[in-house]
Amino acid sequence: MDAMLYRRRAATNYLILSLSFAATGAGLLVLFLIMWSLLRNGIPALGFDFFTQNTPPPDRSGGLLNAIYGSLVMTAVATAVGTPVGILCGTFLAEFSRSSKLAMTVRFINDILLSAPSIVIGLFVYEVMVVPMGHFSGWAGSMALAILVVPVVVRTSENMLSLVPASLREAAFALGAPQWKVVVLVVYRAAMQGMLTGVLLAVARIAGETAPLLFTALNNQFWSSNMNGPMGNLPVVIFQFALSPYADWQRLAWGGALLITLAILSLNIIARFLANWSSFEK
Amino acid sequence: MRRQRLGDTLFRAVTRSFALGVLLLLGAIIASLVAGSIPAFHAFGLGFLFSTAWNPVKDAFGALPAIYGTLITSLLAMMLAVPLAFGIAIFLTELCPPLLRRPIGTLIELLAAIPSIIYGIWGLFVLAPILQSTLQPALIDSLGEIPYFGVLFAGPPLGLGILTASIILAVMVLPFIASVSRDVFLTVPPLLRESAYAMGATTSEVIRDIIIPHSRIGIVGGVMLGLGRALGETMAVTFVIGNAHHIKASLLAPGTTISATLANEFTEAVDQIYTSSLVALGLILFVITLIVLALANYMLWRMGSREGA
């Protein structure tokens, strides 16, 4: 009787643990499968032309130069706009008002914005920028991406600033420094690496975002460095080319997909290394 | 001295105004969506929510197929993802050798870093053909034969459709649920866990009787967070759902979601009522996800505050 109970418990345990082992295997397998199809289909597309030619008309060869350029510019502008906003907001939460009602509300709303559907952000920017301006533009695309940067940077910079030991602040105060100097010259410097991690993660987050660009930056088949007009960008080009019936376009879409994924995964890995170095818990 | 104090006041005011800006942003998003959807609600009334019409030529629009598609794909995705995510969290906290915990955890989290569009292109060209030739015929031949229940798996294996979209969504939300669950599992005090082991409990009994009861709120929060993500996911779903504005009982049939409808049709919508109907869809999506995400964050926040106690 006891032996049977024991055997049943051992069997249940074995079953549960095997299932959890299998679940982890399945997750890793999917990652592997995605990477494998990206490499297999993407590498043949990456040639000299891929980086030097603009997006071609159907059934012609070409590259993704204009789309790569557009993505780089819009990501850069979005990061440049979103980062200071995020850091200042994070500073308020961590340095000035840790547990006031306002801070709690901002934290709560920020966590919601962090996971809010990006396509709705695109709609919002369409309503407030594209409609009044009368046309799609690179600026509108950048703003949509900037709105996605802010919550990521707020979250990480608040966390990183809170990790800075209070003794550092107290030492600076004891020397007679005003609070703004303590924050800017001491706390920011101590939390620099951590905040940089947050910015890198934000860049990784927006680099592949497609939905908010669909009706803000739209797309542009030709070379355009005019931020005030529709602008080519990698994600939307991948979307259009992948769903097209032309083999050349589909090949370019896979190439673009591989390029974006490699860029984003490397950003993530670099960010993780930075975060490990900067932790104060050593 | 006075200048320094002025600097302090100024700095505090600037950071405070940016913090207020985040609140205003949410308000502005809601306001602009409401303003944009007024013509649609004016034309169709609340019937917009329950109508299955979608005819741009006749200017007749209804949200029900898209709402149905959004909810059913997300729910199916959760049914697939939650058990897997718990499995992964259990593996990482209880089973995995400490040396491998970090690398494996990182690899799972990298699944979350892969952009939606990559899942889309992979789902369309790799996963859908595989499902079309293996899983879907198998489902039709087995479960599809069961009376009543079988309608869920009726019809030809198209590859694209609700089921494929749900599977892709499940993979996409898996890392979120897994990493939140792992984090809340780790908040269980070692003392409780060790006491249970000392009384002779097996690992599965410790999980069932100690870890899960202790982290229940956090787990629900993590699942809701995943649900919030799944509801708003756009590109991956757009690639594989088939984009058909109707409600079919079969999970193998094509359908649409709110986000996929927006991605496909927004730039093509020319007249005002069409655009406004799409914005109204966006508003509905935003309200649903706001509620889900607010509940999720509330639960995780309660979990976090208990951890400190």
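The figures follow:
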{"read-out": "Minimum 20 Å² accessible area buried by the other protein chains, region A:198-212 residues, probe 1.4 Å, relative to alone", "value": "A:Gly208, A:Thr210, A:Ala211"}
{"read-out": "Loss of accessible area when B meets A, both sides summed, Å² nearest 100, probe 1.4 Å", "value": "6900 Å²"}
{"read-out": "Probe 1.4 Å, accessible area per residue of chain A, Å²", "value": "44 Å²"}
{"read-out": "Probe 1.4 Å, protein heavy atoms only - accessible area per residue of region B:254-309 in square angstrom", "value": "39 Å²"}
{"read-out": "Table column - 3J(HN,Hα) (Hz), region B:210-217, Karplus curve with 6.51, -1.76, 1.60, x for Gly and Pro", "value": "10, 5, 5, x, 5, 10, 4, 4"}
{"read-out": "Percent accessible area from carbon and sulfur atoms, region B:50-90, protein chains only, probe 1.4 Å", "value": "78 percent"}
{"read-out": "Carbon/sulfur fraction of accessible area - region B:193-309, other protein chains in place, 1.4 Å, %", "value": "61 percent"}
{"read-out": "Whole-Hz couplings from phi, Karplus 6.51/-1.76/1.60, listed for region B:163-169; x for Gly and Pro", "value": "5, 4, 4, 5, 5, 4, 4"}
{"read-out": "List of region B:250-265 residues, accessible area with partners at least 20 Å² below that of the chain alone (1.4 Å probe)", "value": "B:Leu262, B:Ala263"}
{"read-out": "Global form of region B:161-272, assessed from the alpha-carbon gyration tensor, a/c cut-off 1.5", "value": "prolate"}
{"read-out": "Among A:Phe48, A:Val30, A:Tyr14 - extreme Cα towards positive end, dipole of region A:1-70, charges at beta-carbon", "value": "A:Tyr14"}
{"read-out": "Buried on assembly, region A:67-91 (at least 30 Å² less accessible surface than by itself, 1.4 Å probe)", "value": "A:Val85, A:Leu88, A:Cys89"}
{"read-out": "Cα pair distances of region A:4-122 binned at 10 Å [whole percent]", "value": "10, 17, 19, 22, 19, 10, 3, 0"}
{"read-out": "Accessible surface ranking that places the most exposed of A:Val236, A:Val81 first, with a 1.4 angstrom probe", "value": "A:Val81, A:Val236"}
{"read-out": "Shielding of A:36-45 by partner chains, average beta-carbon count, 10 Å", "value": "2"}
{"read-out": "From phi via Karplus (6.51, -1.76, 1.60), per-residue ³J(HN,Hα) for region A:49-66 in Hz, x at Gly/Pro", "value": "4, 3, 9, 10, 10, 7, 5, x, x, x, 6, 10, 8, x, x, 10, 3, 5"}
{"read-out": "Size of region B:1-119 as Cα extents on the principal axes (Å, biggest first)", "value": "64, 60, 23"}
{"read-out": "Convex hull projection area averaged over all views, chain A, Cα basis, nm²", "value": "22.8 nm²"}
{"read-out": "All-pairs alpha carbon distance profile, region A:38-181, 5 Å steps from 0, percent", "value": "2, 9, 12, 13, 13, 12, 12, 9, 7, 5, 4, 2, 1, 0, 0"}
{"read-out": "Two-site FRET efficiency, A:Leu175 against B:Glu194, from Cβ-Cβ distance with R₀ of 41 Å, rounded to 0.05", "value": "0.30"}
{"read-out": "Solvent-accessible area, 1.4 Å probe, carbon plus sulfur percent, for region A:160-205", "value": "71 percent"}
{"read-out": "Probe 1.4 Å, accessible area per residue of region B:1-138, Å²", "value": "48 Å²"}
{"read-out": "Under 5 Å, built H, 5+ apart or other chain: amide partners of B:Ala60", "value": "B:Asn55"}
{"read-out": "Semi-axis lengths, Å, region A:193-282, gyration tensor of Cα atoms, sqrt of 5 times eigenvalues", "value": "32, 16, 9"}
{"read-out": "Largest-first principal axis extents of the Cα set of region B:1-61 (Å)", "value": "71, 19, 15"}
{"read-out": "Along each principal axis, Cα extent of the protein assembly as shown, largest first, Å", "value": "79, 72, 56"}
{"read-out": "FRET efficiency, A:Phe21 to A:Leu163 (Cβ-Cβ, R0 41 Å, nearest 0.05)", "value": "0.75"}
{"read-out": "Projected label distance in nm at A:Ala11 and B:Ile38, using a 7 Å step from Cα toward the beta-carbon", "value": "6.8 nm"}
{"read-out": "Distant alpha-carbon pairs in chain B (separation over 26 angstrom), percent", "value": "58 percent"}
{"read-out": "Mean ellipticity per residue at 222 nm, deg cm²/dmol - from DSSP H runs of n ≥ 4 across chain A, formula -39500 (n - 2.57)", "value": "-23000 deg cm²/dmol"}
{"read-out": "Neighbour cut-off at most 11 other Cβ (10 Å), DSSP loop, trypsin sites (Lys or Arg not before Pro), region A:47-114", "value": "A:Arg60"}
{"read-out": "Pairwise label distance in nanometres, B:Arg101 with A:Leu243, each label 7 Å out on the Cα-Cβ vector", "value": "4.4 nm"}
{"read-out": "Value of [θ]222 nm, deg cm²/dmol, for chain B, DSSP H segments ≥ 4, -39500 (n - 2.57) each, nearest 500", "value": "-22500 deg cm²/dmol"}
{"read-out": "A:Arg189-B:Arg3 pseudo-label distance in nm [points 7 Å out on the Cα-to-Cβ vector]", "value": "2.1 nm"}
{"read-out": "Sequence-distant residues sharing a close amide H with A:Gln53 (under 5 Å, placed H)", "value": "A:Gly63, A:Leu64, A:Leu65"}
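The values are calculated or read from the model by the stated rules, or taken from the named source; none is laboratory data. Given the structure is predicted, the values throughout are model-derived calculations rather than measurements. Quick reminder, even Gly has a Cβ in these numbers, built from the backbone with ideal geometry, and neighbours come from all protein chains shown. Please note that ligands, DNA and RNA were not included when accessible areas were found on the heavy atoms of the full protein model with its side chains. Shrake-Rupley method; radii C 1.70, N 1.55, O 1.52, S 1.80 Å.
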